[in-house]
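*Asks:* Below is the structure I would like to discuss, written out as structure tokens.
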């Protein structure tokens, strides 16, 4: 991971855009910003949950569940930050919150941490980056990815396979052998918790979580797929981070939901900078990164243009 960030940082330091004292300050971790944001996060969740309750006997329950689902799937962004141990000062608190987020969105935290480490090490390198989203060759492939059907198929298969004590060859590459048993255990615990939840609903006859959690999660995931594509898809499959990663300038509500991960190139430059300091890092490094000023939709316009040009 270190080799991937040395050159860009050296450039910024040499040009005086960033000094080592500023960098050290940006990397300082604190519980305060995250605790305040989590309090607001819970209020937002309470608000979207209330919308579902108010719309219970109306067709409006579907847009309410969709809105709630958008918030639910953004627990991925919080979990991602916890993987980097940058949300809170202590590793333990990052792990606890990350595991809760993973339970909500079917993503075991330990497995994600190892997978994501290789993503940072081999960003956008075909055959090496385990999180690489291939550039769609056709508009059909583009729409299929956005449907989240391939994503959920892969996730259900992945967790089931781990619970049965099996790893793919790719997973064996980035998960240390000493951690194989722990990865299997995590998957079994997660499936066990899900079984208890559904058993509890069956016994009590209250199936509310289907409407407050499961359906919203499936409705919201295409939005997360739409966002995840904007990070690297359409950028060159090369090791240079100034080329392979895209930063998107978006509105404050979206920045809140994604925990500032729209500043994705900055995050890849210096992964140890906490989410709340990324806007300040952006000001220092924006001349060294690829910035999409039109935000998520601008990134997708670029992706669609590339698909069209490739088929011309």
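The values are calculated or read from the model by the stated rules, or taken from the named source; none is laboratory data. Bear in mind the structure is a predicted one, so any value in this text is a computation, not a measurement. Because the Cβ atoms are built from the backbone with ideal geometry, glycine has one as well, and the counts that use them run over all protein chains shown.
*Asks:* Any residue in the range 83-94 that is over 12 Å from the mean Cα position of the chain (by Cα), crowded, with 17+ Cβ neighbours inside 10 Å and under 23 Å from residue 153 (Cα atoms)? Even if it seems obvious, please write down each step before you answer.
*Replies:* Let us first name the residues in the range 83-94 that are over 12 Å from the mean Cα position of the chain (by Cα), namely 85-94.
With the extra rule that they be crowded, with 17+ Cβ neighbours inside 10 Å, the set shrinks to 85-88, 94.
Now narrow it down to the ones that are under 23 Å from residue 153 (Cα atoms): none.
No - not one qualifying residue is present in the range 83-94.
*Asks:* Report yes if residue 211 is at pLDDT 95 or above and not in a helix (DSSP H, G or I), otherwise no. Don't jump to the end; show me each part of the working.
*Replies:* On the way: at pLDDT 95 or above: yes; not in a helix (DSSP H, G or I): no.
No; evaluated as a whole, the condition is false for this residue.
*Asks:* Can you work out which of the residues in the range 116-127 that are in contact with a helix residue (DSSP H, G or I) (Cβ under 6 Å, 6 or more places away or on another chain) and part of a helix (DSSP H, G or I) is nearest to residue 84 (Cα to Cα)? Please lay out each step first, then the result.
*Replies:* If we filter the range 116-127 for residues that are in contact with a helix residue (DSSP H, G or I) (Cβ under 6 Å, 6 or more places away or on another chain), which is where we start, we get 116, 118, 123-124.
Keeping just the survivors that are part of a helix (DSSP H, G or I) gives 116, 118.
Details: 116: 9, 118: 13 Å.
Here the residue is 116.
*Asks:* If you scan the range 107-127, which residues turn out to be at positive phi and buried (at least 16 other Cβ atoms within 10 Å of the Cβ)?
*Replies:* Start the filter on the range 107-127 by keeping residues that are at positive phi, which leaves 124, 127.
Correct list: 124 only.
*Asks:* Here is a follow-up. Taking the residues in the range 248-266 that are assigned to a helix (DSSP H, G or I) and out of contact with any helix residue (DSSP H, G or I) (no Cβ under 6 Å at 6 or more places or on another chain) as candidates, determine which candidate is farthest from residue 34 (Cα to Cα). Step through it out loud before you land on a result.
*Replies:* Narrowing the range 248-266 to residues assigned to a helix (DSSP H, G or I): 252-257, 264-266.
Keeping just the survivors that are out of contact with any helix residue (DSSP H, G or I) (no Cβ under 6 Å at 6 or more places or on another chain) gives 252-257, 265.
Working: 252: 16, 253: 16, 254: 17, 255: 14, 256: 11, 257: 13, 265: 21 Å.
If we take residues in the range 248-266 being assigned to a helix (DSSP H, G or I) and out of contact with any helix residue (DSSP H, G or I) (no Cβ under 6 Å at 6 or more places or on another chain), then 265 is farthest from residue 34 (Cα to Cα).
*Asks:* Looking at (1) assigned to a helix (DSSP H, G or I); (2) in contact with a strand residue (DSSP E or B) (Cβ under 8 Å, 6 or more places away or on another chain); (3) under 21 Å from residue 131 (Cα atoms), find the lone condition where residue 298 falls short.
*Replies:* Here residue 298 meets the rest and fails (3).
*Asks:* Same structure, new question: Do any helices (runs of 4 or more DSSP H) lying entirely in the range 1-76 carry at least 2 residues that are buried (at least 17 other Cβ atoms within 10 Å of the Cβ) and either in contact with a strand residue (DSSP E or B) (Cβ under 6 Å, 6 or more places away or on another chain) or modelled with pLDDT of 95 or more (or both), and which ones are they?
*Replies:* Values: elements: 2-14, 20-26, 31-54, 61-73.
In the range 1-76, the matching helices (runs of 4 or more DSSP H) lie at 31-54, 61-73.
*Asks:* Right, something else. Determine if the range 93-113 includes at least one residue that is out of contact with any helix residue (DSSP H, G or I) (no Cβ under 9 Å at 6 or more places or on another chain) and assigned to a loop (DSSP other than H, G, I, E, B). Working first, answer last.
*Replies:* Taking the range 93-113 and keeping what is out of contact with any helix residue (DSSP H, G or I) (no Cβ under 9 Å at 6 or more places or on another chain), we get none.
Among the residues of the range 93-113, not one is out of contact with any helix residue (DSSP H, G or I) (no Cβ under 9 Å at 6 or more places or on another chain) and assigned to a loop (DSSP other than H, G, I, E, B), which makes the answer no.
*Asks:* Restricting the search to the range 128-160, which residues are exposed (fewer than 14 other Cβ atoms within 10 Å of the Cβ) and within 24 Å of residue 84 (Cβ to Cβ)?
*Replies:* 154
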